[in-house]
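**Q** Just passing along the structure, written as structure tokens.
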Amino acid sequence: MSFNQFILREQYLKVKGLGDRLELMKMQIDWKPFVPLVRKVFFDNKEQGGRPHTDELIIVRALLLQGWYGLSDPELEFQINDRLSFRNFLGFPETVPDFSTVWNVRERLKEAGLEVEIWNELQRQLDRKGYVIKTGVIQDASFIEADLGRKRHYQEKKAEKKGEKVVYSEKQLRHIDRDGTFAIKHGQVHYGYKNHVKLDCDFGLIRSVEVTTASLHDSQKDLLKKGDKAAYRDKGYVGTPVPEGVEDKTMKKSTKSRKLNGGELKRNKAISRIRAPGERPFAVIKRVFHGGETLVKTLGRVAIKEIFRAFSFNLYQLVTLKRHEIAAAMRK
């Protein structure tokens, strides 16, 4: 341990005494299995040579910090250097990744599809801890707002009316969202992407997550699979089948020609009570993690950020569950 690390650790003791949720979240899972997964994207070894890469564990934890605090890559680099709680979460490394390293590693993970393996490893650990699906799952979706570029959009519409086309330079194209689409819900216009999640009814943990463009209807993305017990879904999923062995708990929808009867209304109300906690991940991600918007410009980049954001939520939820267990034990 260097003298600098010793000083930082001593200063952190005051922060820890005030209550550091990051320290609690660091204790919830086994981090070692994630190291070989991230190592696959680095190309330095004894045979090929190359500059030693950033520690794999630091990369994973840095991406989680980004998810919790809604930070851009430059902001992440600044906050890691500025905050003792961030340094402690990373293990007080001698050097921390700069913003370009974070960007490049995330890009490599995306290109290799390793974010899926990282997510699957987290799910395996949740199952081993006993957080398995017991009564059913909740599926829902929420918009991720992207930067439309209103001035550009206005110019394109104006040119379209004249039968003209706006030509952009390569530099301009790099700053234009390529995959975002429009959607209208409850009279409000949304532009960007949509986050589809499935969480279990028992523990409120996210079990599956996929990102699409905003225009794709919720019912077009099926996250259900065998073993989910029961599927609690809102009216938007009416008519979407469920896997064999899974009980369909989709809310009924009235039409102009047919109103819901008393039994169906009662059933909808019962399902709604169970579905209500399904809004918690979106509320936490948007209000606590400041994650309702995105500044990256492609579907793939939005998707990997949302996977790490869902990872962040699960660790956040594990701390909440642990606190509830301790409180329940104290009341006995």
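**Q** Only one of these conditions is not met by Gly192: (1) touching a residue at least 60 places away in the same chain (Cβ under 8 Å); (2) surrounded by fewer than 19 Cβ atoms within 10 Å (Cβ to Cβ); (3) touching a Leu at 6+ places or on another chain (Cβ under 9 Å). Which number is it?
**A** Status for Gly192: all satisfied but (2).
**Q** Could you list all residues from the stretch 213-226 that are surrounded by fewer than 21 Cβ atoms within 10 Å (Cβ to Cβ) and either touching a strand residue (DSSP E or B) at 6+ places or on another chain (Cβ under 7 Å) or within 24 Å of Leu318 (Cβ to Cβ) (or both)?
**A** Within the stretch 213-226, the first condition is being surrounded by fewer than 21 Cβ atoms within 10 Å (Cβ to Cβ), and the residues that meet it are 213, 215-226.
Residues satisfying the conditions are Thr213, Ser215, Leu216, Asp218, Lys221, Leu223, Leu224, Lys225.
**Q** If Val96 satisfies every condition in (1) surrounded by fewer than 17 Cβ atoms within 10 Å (Cβ to Cβ); (2) without any contact (Cβ under 8 Å) to a residue 40 or more places away in the chain but one, which is the exception?
**A** (1)
**Q** If Ala146 satisfies all but one of (1) farther than 26 Å from Arg301 by Cβ; (2) under 18 Å from the mean Cα position of the chain (by Cα), what's the number of the condition it fails?
**A** Here Ala146 clears every test but (1).
**Q** Related question: Got a number for residues in the stretch 248-269 being outside any helix (DSSP H, G or I) and surrounded by 12 or more Cβ atoms within 10 Å (Cβ to Cβ)?
**A** Step one: filter the stretch 248-269 for residues outside any helix (DSSP H, G or I), giving 248-261.
Filter once more, keeping what is surrounded by 12 or more Cβ atoms within 10 Å (Cβ to Cβ): 248-254, 260.
Final tally of qualifying residues: 8.
**Q** Which number in (1) part of a helix (DSSP H, G or I); (2) closer than 22 Å to Arg21 by Cβ marks the one condition that Gly291 misses?
**A** Among (1) part of a helix (DSSP H, G or I); (2) closer than 22 Å to Arg21 by Cβ, the lone unmet condition for Gly291 is (1).
**Q** Further question: I'd like the residue in the stretch 130-152 that is charged (D, E, K, R) and free of Cβ contacts under 8 Å to residues at least 60 places away in the same chain and, out of all such residues, is nearest to His186 (Cα to Cα). Explain how you work it out, then say what you get.
**A** If we filter the stretch 130-152 for residues that are charged (D, E, K, R), which is where we start, we get 134, 140, 145, 147, 150-152.
Cutting the leftovers down to free of Cβ contacts under 8 Å to residues at least 60 places away in the same chain gives us 150-152.
Working: Arg150: 22, Lys151: 25, Arg152: 26 Å.
My answer is Arg150.
**Q** Now for a different question. Quickly run through the stretch 10-19 and pick out the residues that are surrounded by 15 or more Cβ atoms within 10 Å (Cβ to Cβ) and of a type in the set (A, V, I, L, M).
**A** Passing the criteria: only Val15.
**Q** Sticking with this structure for a sec: Output the residues belonging to the stretch 270-304 that are in contact with a Ser or Thr (Cβ under 7 Å, 6 or more places away or on another chain) and open to solvent by 30 Å² or more (accessible area, probe 1.4 Å).
**A** Going residue by residue through the stretch 270-304, those that are in contact with a Ser or Thr (Cβ under 7 Å, 6 or more places away or on another chain) are 282, 289, 295, 299, 302.
Scanning the stretch 270-304 gives Leu295, Leu299.
**Q** Given the residues Gly263, Gly278, Gly239, Gly300, which is the only one that is closer than 15 Å to Ala141 by Cα and not hydroxyl-bearing (Ser, Thr, Tyr)? Outline the logic, then answer.
**A** Details: Gly263 fails: closer than 15 Å to Ala141 by Cα; Gly239 fails: closer than 15 Å to Ala141 by Cα; Gly300 fails: closer than 15 Å to Ala141 by Cα.
Only one candidate passes the filter, namely Gly278.
**Q** Turning to a different aspect of this structure: Just to verify a result, which residue in the stretch 115-163, among those that are within 20 Å of Ser215 (Cβ to Cβ) and of a type in the set (Lys, Arg), is least open to solvent (accessible area, probe 1.4 Å)? Let's see the steps before the verdict.
**A** Keep residues of the stretch 115-163 that are within 20 Å of Ser215 (Cβ to Cβ), which gives 139-150, 152-153, 156-157, 160.
If we keep only those that are of a type in the set (Lys, Arg) as well, we get 150, 152, 157.
On the way: Arg150: 187, Arg152: 45, Lys157: 101 Å².
That would be Arg152.
**Q** Now a separate question. Of the conditions (1) surrounded by fewer than 16 Cβ atoms within 10 Å (Cβ to Cβ); (2) touching a residue at least 40 places away in the same chain (Cβ under 8 Å); (3) among the small types (Gly, Ala, Ser); (4) within 30 Å of Leu13 (Cα to Cα), Ala112 fails just one. Which one is it?
**A** Failed condition: (4).
**Q** I would also like to ask the following. Collect the residues in the stretch 20-52 that are modelled with pLDDT under 90 and open to solvent by 60 Å² or more (accessible area, probe 1.4 Å), keeping them in residue-number order. Before you say what the answer is, go through the steps one by one.
**A** Going through the stretch 20-52, the residues modelled with pLDDT under 90 turn out to be 42-52.
Passing the criteria: Phe43, Asn45, Lys46, Glu47, Gln48, Gly50, Arg51, Pro52.
**Q** What residue, among those in the stretch 227-245 that are in contact (Cβ under 8 Å) with a residue 60 or more places away in the chain and within 24 Å of Val132 (Cβ to Cβ), is most open to solvent (accessible area, probe 1.4 Å)?
**A** Once the filter is applied, the top-ranked residue is Lys229.
**Q** Please list, ordered by first then second residue, the pairs with beta carbon atoms under 9 Å, 6 or more apart or interchain, first in the stretch 160-182 and among the basic types (Lys, Arg), second surrounded by 10 or more Cβ atoms within 10 Å (Cβ to Cβ).
**A** Lys165/Glu156; Lys165/Ala159; Arg174/Lys297; Arg178/Lys297; Arg178/Thr298; Arg178/Leu299
**Q** Does the stretch 60-68 contain any residue that is open to solvent by 70 Å² or more (accessible area, probe 1.4 Å) and in contact (Cβ under 8 Å) with a residue 24 or more places away in the chain?
**A** Our first condition is that a residue be open to solvent by 70 Å² or more (accessible area, probe 1.4 Å); within the stretch 60-68, this holds for none.
No, there is no match, as no residue in the stretch 60-68 is open to solvent by 70 Å² or more (accessible area, probe 1.4 Å) and in contact (Cβ under 8 Å) with a residue 24 or more places away in the chain.
**Q** So which of Val302, Val296 is within 24 Å of the chain's Cα centre (by Cα), of a type in the set (A, V, I, L, M, F, W, C) and in a loop (DSSP other than H, G, I, E, B)?
**A** Numbers: Val302 fails: in a loop (DSSP other than H, G, I, E, B).
Checking each option against the conditions leaves just Val296.
The values are calculated or read from the model by the stated rules, or taken from the named source; none is laboratory data. Everything numeric here is computed off the predicted structure, so don't read it as measured data. Cβ atoms come from the backbone with ideal geometry, glycine included; neighbour counts cover every protein chain shown. Only protein heavy atoms, including side chains, enter the accessible area calculation; ligands, DNA and RNA are left aside. Shrake-Rupley method; radii C 1.70, N 1.55, O 1.52, S 1.80 Å.
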